[in-house]
1. Could you compute Rg(Cα) / (2.2 N^0.38 Å) for region A:96-157, with N its residue count?
2. Using the alpha carbons of region A:186-231, what is the convex hull volume per residue in cubic angstrom, as a whole number?
3. Which values of log₁₀ I(q)/I(0), to two decimal places, follow from the Debye formula for region A:221-275 at q = 0.13, 0.19 Å⁻¹ with a uniform point scatterer at every Cα?
4. Hey, what D do you get for region A:278-327 in µm²/s if you plug the Kirkwood alpha-carbon radius into Stokes-Einstein at 10 °C and 1.306 mPa s?
5. Please give, to one decimal in nm, the separation of the simple spin-label points placed at residue B:306 and residue A:85, each 7 Å out from Cα toward the Cβ.
6. Under Stokes-Einstein, with the Kirkwood radius over Cα pairs standing in for Rh, what whole-number D in µm²/s applies to the protein assembly as shown at 10 °C and 1.306 mPa s?
7. Using the Cα atoms as the points, what is the convex hull volume per residue of region B:216-345 in Å³?
8. Which of B:16, A:238 comes first, and how do the rest follow, when ranked by fewest Cβ neighbours within 10 Å?
Amino acid sequence: MNSLQKIGKFEAIALVVIVTINQIIFNLPNTIIINTGSSAWLNVIYISIIAILFCLLICKLFKKFPTQDIVDVSEYLGGKVLKLIIGLLYILFFTFIAGIFLRYMAISLKLIYFEETPIVFLLLLFLVPVIFAIKLGIKSTSQVNLLFTPIVLFSMLIILFSTVKDFVPERIFPILGFGADKTFLIGLNNIFTFSCFAYLYFIIPILKEPKDFKKIAISSIIISAVYLFLSVICLLMMFPFIAFSDEMLSVYLLTRLIEFGKFFQRIDAIFIFVWIISVFSFLSITAEFIARIFKKLTKINNYKEMSYSICAIIFSIALIFNGISDMKFIQNVLLKYIVILVVFVISIIILILANLKHKKENVS
Amino acid sequence: MKIKALAILLILIFCMFTLGGCYNAQGLEALAYAVAIGIDKGESDKIRVSLQFAILSNSSGGSGGSSSQSQESTVTTVDCASIDSGIALVNSYISKKVNLSHCKAIVISEELASEGISEYIYTLVNNLELRPDCNVIISRCKASDYLENSQPTLESVSARYYEFTLNSSEYTGFTEDVKLSNFYSDMLSTTTQAHAILGGINANSTHQNHSNLPPYDTEGSYKADESPIKSETGLENMGIAVFKSDKLVGELTGMESLCHLLVVNKFESAVISIPNPYDINSVISLYVTYAKKPKTSVKIINGTPYIKCNINLTGSIQSLDKDLNYSDQNTLKNIEEYANSYLEQCISSYLYKTAKEYKTDIGNFGRHAINKYATWNDWIESDWLYNYENSFFAVNVETTIQSGELYTKL
C-alpha cells in the first residue's frame with residue numbers, strides 16, 4: 001500500500017475509540033443495564049478487564065503476522081476459500097452494523113428534530129459524505145476523525161460531569177444487581193460492546209508503524225472501557241428506572257438535564273450536532289473497511305469506485321428495518337450474538353489455529 | 001468537465017444546507033407557546049386540560065421593551081380524553097400550533113391527583129417539547145382557576161414569573177422546587193415516593209386563623225392559600241403534596257416542608273422563628289444554613305427500620321431584643337439549645353407524620369437502606385416502601401449561632 005495512505009498511532013487510536021463512542025450513543029450502555037441492573041458498573045469493570053486480556057491475546061497472536069489483517073491470516077490458514085468466507089463474513093458484519101446504526105440515528109433524529117422529514121433524506125444526509133470519504137481514502141478519513149474525536153470525547157465528558165449534581169450514588173446498589181450469575185456469567189455476553197475489536201483485526205496493514213499495534217490496541221481499549229464505564233455509571237446514578245425502561249437514546253436523556261445556571265439551558269442540540277459528526281466518522285470508517293476487504297477478496301485496482309455500491313447497500317439495509325421495534329430487537333438480542341460469534345469466537349479461533357500452523361511449520 | 005461537475009456539486013451541497021431548513025420551517029407567528037399546563041378532572045370528558053399562553057408583545061400591540069413577551073397571558077380550557085387530544089383540539093381552535101418548549105409549570109388539581117396521575121405524568125415525560133425541569137404543582141383549587149389567577153405583578157414575563165415564584169424555596173424553605181424529571185424518577189423509584197409543590201389561590205375566604213398556636217409556630221403552620229397575605233398576586237405555593245405511588249395522600253405545611261428539605265439535603269437557607277428562652281410570649285428569628293451536610297443512616301433492627309438523622313446548622317440572630325446580649329456566650333448557648341430542641345421536635349413530627357400517617361417515604365431513606373441488600377430480588381422482597389411505616393427515628397440537630405447581625409446588644 002502507498003505509504004501516504006497509511007495512518008499514524010493517534011489516528012489509529014481515534015479510529016477505534018470513535019467506534020465505541022458511537023456504541024455509547026447507540027444506546028448500548030442501556031442494554032448492559034437492562035441485562036444486569038444496578039451491578040452494570042461492576043459488569044463493565046469485569047468485561048473491561050476481560051477485553052484488555054483479550055486485547056493482549058490478540059496482540060500476541062498477531063505477532064507472528066506483523067503486517068497482516070485477519071483476512072490475510074485466514075488465507076494463510078485455510079487458503080483462498082477460508083479467505084473468501086472470512087472476508088465475506090466481515091463485509092456482511094460491517095455492512096449490517098453500519099446499516100442498523102444509520103437507521104437508528106436517522107430514526108432518533110427524526111423523532112427529536114425532523115419530525116416531518118422523510119427518513120430517506122436523513123439516511124442520505126449521512127451517506128453522501130461517506131461516498132466522498134471512501135474516495136479520499138483512509139488517511140483523510142482518519143485525519144478528519146482525529147480532528148473530531150477529541151471534541152466528541154470532550155462533549156461526552158461534559159455530559160457526564162455536568163449531571164454530577166443530580167447523582168444519587170446509592171443507585172449503584174444492590175451491588176450484585178439482578179444476581180451474581182447475571183453480572184458475571186450471563187453478563188459476560190456484554191463484552192459485545194467492545195465490537196471495536198473488529199476494527200483492530202484490520203488495522204495492522206494500514207499502520208505506518210505496525211509494531212505500534214500493541215500500544216494502539218491497548219490504549220484504544222482502555223479509553224473505550226473508561227467511557228463505557230462513565231456512561232453506564234452516570235445513567236445508573238441519574239435514573240432509578242433505567243434498568244426497567246427502554247429509551248431511544250439514553251445519553252440524550254442526560255443531555256436534556258444539562259443546564260449551567262439559569263442562562264445555559266436546553267443545550268442538547270449542541271451534543272446532537274457533535275454526535276452527527278461522530279456518526280459521519282463512524283460510517284466513513286466502516287465503509288472504508290468494507291471497501292478494503294472487498295478489494296482484498298476481488299483484487300480490483302480501484303476500490304474507491306466501489307463507494308457508490310457500498311453506500312447503496314448500507315442504504316438498502318437501513319431501509320429493511322420497519323421501525324423502532326425491529327431496531328430494539330436487533331440492538332438487544334441479535335447484535336449481541338452476531339458480535340460475539342464473529343469478533344470473539346470465529347476470529348480468535350482463526351488466529352489461534354494460524355499460530356499453531358505457523359509454529360508447526362517452524363518446527364518442521 | 002470535472003470542474004463543471006464539481007461546481008454543480010458544490011452548489012447542490014450549498015443549497016442542501018442553506019435551504020434545507022425551509023422544508024418544514026415554522027415561524028413564531030404560527031406557534032402558540034404555553035407557559036403552563038393545568039390538568040383537572042373533566043366534566044364532559046375524562047380530564048380538563050388548561051393551557052396558559054404567553055401573548056407575544058407584537059401580537060398584543062404592547063409598547064415593547066427588552067422582552068419579547070408582555071404581561072398578558074390567556075388561558076384556554078378544553079375537556080378531553082387525553083392531554084394530547086386536548087392539545088389537538090386547542091390547536092384547531094386557536095389555529096396555531098401549541099408548543100410546550102417554554103412550559104414552566106404543570107398544575108394538577110388535588111381532586112385528580114388523589115385518583116392517580118401516572119398516566120398523565122408518563123405522557124408528559126414522553127413529550128420531547130416539554131423540558132424535564134418544568135415544575136410539578138398540585139393545586140388545592142382547580143388547576144384552571146390556578147392558571148387564571150396567576151397575575152405577575154413584579155415580573156413582566158409570564159414564563160419567568162413561574163420560574164422565580166417557584167425558586168423562592170431556596171430562601172424560604174416553605175416548599176421544594178420539584179421538577180418533572182424528579183417527580184417521574186421518584187414515582188418509579190423503589191427507594192422513595194414522589195412529592196410535589198403545593199399551590200393554591202390565596203383569597204380572604206381561604207385564610208386560616210392559627211391564633212391558637214404559639215407565636216413561633218404560626219408562620220410555618222400554613223399550607224398554600226392559607227397564609228393571611230393581602231396582595232394582588234393570587235397564587236401561593238407553600239407546603240408539599242405527598243404521594244404514595246401516583247396518588248396524593250397528604251399535604252405538608254410550610255414548616256414541615258422546611259424540615260423535609262433539612263433532612264434530604266436540599267435546604268439552602270431560611271429564617272425560622274424559635275421560642276425566646278427569656279420570654280415565652282416572644283420569638284427569636286434565626287437565619288440558618290447548613291454548617292455541613294446532613295448525615296442519615298438506616299439500620300434494620302428485627303425487620304424494622306431505625307433511621308438516624310444528624311443535622312448541623314449555622315446561623316445568626318436577626319431579631320433584636322432590648323433585654324438580650326448576643327455577645328454573651330451563655331445567652332447564645334441557651335438560644336442554641338432552644339433552637340436544637342425546637343427543630344428536633346419539628347423534624348421528628350414531620351418524619352413520624354410521613355411514616356405513620358401518610359405511610360410514604362418522601363425523604364428517600366430507602367437509598368440508605370438499599371446497600372444492605374446484595375441483589376435486586378432481596379431488595380424487592382424487603383418491600384421498603386411498605387416497611388417504611390414501621391420506621392422509628394432519632395433526630396439530632398446541632399445549631400451553632402454566630403451572633404446577631406449589625407448589633408449584638410441594645
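1. The value comes to 1.29.
2. Hull volume normalised by residue count: 75 Å³.
3. Values returned for q = 0.13, 0.19 Å⁻¹ are -0.40, -0.80.
4. 132 µm²/s
5. Going by the 7 Å Cα→Cβ label model, 6.7 nm.
6. So the translational diffusion coefficient is about 53 µm²/s.
7. 161 Å³
8. Ranked by crowding around the Cβ, least crowded first: B:16, A:238.
All of the numbers you see were taken from the coordinates with simple rules; none came from a lab. A quick note: this is a predicted structure, and the numbers were derived from the prediction, not measured. Cβ: placed from backbone, ideal geometry, glycine included. Neighbour counts: every protein chain shown.
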